Amino acid sequence: MRLIAFIEYSAVIIGVIAMIAGQFFALPKGFHLGVFLIGAGLVLGGIEAMATRRMCFRASEDAYEAYAGAPAMIVGMMALLVGAGVIATAYLLADGQWHATLAYLARRPAPVLVAVGLLLIGVGALMMLNPQGRRGFAWTLLVHLPMSLAGFILVASGLAGIGLGAWEWLEPLAFDRFVGQLPRKLERPF
């Protein structure tokens, strides 16, 4: 097993164990440490994928060779984003600011909309790629074309999420009016 993959997996597994032990033994700092370790493992995997342009969390050197390059970079960026969010969650939990931050994000969801938009774009881009390079009419018609269409829909949804996040950040009152009128607009037939 590769040493960096062992460290990545160990950080995540020890983090999960620390979270369970923190809950079971009522050790809040143990729970926070576990959340931090999970985030650190994900960030380490993301950094590895970005630096090597090969898939992170690979147990052996020759695993996932078809996913080297652009797919590995996309997965690395997504792992960095999620890992950074988990580490930020650990710090908010440790400082006692978790509930206040959730209340703020419920009122002003721009960062959440942008982060979810970026993740949707990443997943959609991965779905549009054909890393195995399989060819043939049946494969293209039955597998690659539907996955590409679903990936395109996810990329468009991600761009819409980023746009909504930017709109909420720049014009919060207009965004609040739009969100307030949305249920009435959805109930009304065309």
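Could you tell me whether Arg135 is modelled with pLDDT under 95 and under 29 Å from Phe36 (Cα atoms)? No; evaluated as a whole, the condition is false for this residue.
Do we have any residue at all in region 102-117 that's modelled with pLDDT under 85, surrounded by fewer than 17 Cβ atoms within 10 Å (Cβ to Cβ) and of a type outside the set (S, T, N, Q)? I'd like the intermediate steps shown before the answer.
Of the residues in region 102-117, the ones modelled with pLDDT under 85 are none.
There is no residue in region 102-117 that is modelled with pLDDT under 85, surrounded by fewer than 17 Cβ atoms within 10 Å (Cβ to Cβ) and of a type outside the set (S, T, N, Q).
Screening Tyr91 on (1) within 30 Å of Met128 (Cα to Cα); (2) part of a helix (DSSP H, G or I); (3) among the hydroxyl-bearing types (Ser, Thr, Tyr) shows it passes everything except condition (1). If you go through region 136-190 and keep only what is of a type in the set (Gly, Ala, Ser) and surrounded by fewer than 11 Cβ atoms within 10 Å (Cβ to Cβ), you end up with Gly136, Ala138, Gly180.
From the list Ala59, Ala79, Ala68, Ala40, pick out the single residue that is open to solvent by less than 60 Å² (accessible area, probe 1.4 Å), in contact with a Leu (Cβ under 7 Å, 6 or more places away or on another chain) and either modelled with pLDDT under 95 or among the aliphatic types (A, V, I, L, M) (or both). When all the criteria are applied, what remains is Ala79. For beta carbons closer than 6 Å, sequence separation of 6+ or different chains, a first residue in region 170-190 that is closer than 14 Å to Pro109 by Cβ and a second that is open to solvent by 80 Å² or more (accessible area, probe 1.4 Å) and assigned to a helix (DSSP H, G or I), the qualifying pairs are Phe175/Trp167. It is to be established whether one or more residues within region 114-127 are within 24 Å of His32 (Cβ to Cβ) and out of contact with any helix residue (DSSP H, G or I) (no Cβ under 8 Å at 6 or more places or on another chain). No. If the condition is being part of a helix (DSSP H, G or I) and among the aromatic types (Phe, Trp, Tyr), then region 15-54 contributes Phe24, Phe31, Phe36. Scoring Phe57 on the criteria (1) touching a helix residue (DSSP H, G or I) at 6+ places or on another chain (Cβ under 8 Å); (2) in a helix (DSSP H, G or I) leaves a single failure, condition (2).
The values are calculated or read from the model by the stated rules, or taken from the named source; none is laboratory data. Computed from a predicted model, the values in this text were never measured in an experiment. Cβ: placed from backbone, ideal geometry, glycine included. Neighbour counts: every protein chain shown. These accessible areas exclude ligands, DNA and RNA; they are computed on the full protein's heavy atoms, side chains included. Shrake-Rupley method; radii C 1.70, N 1.55, O 1.52, S 1.80 Å.
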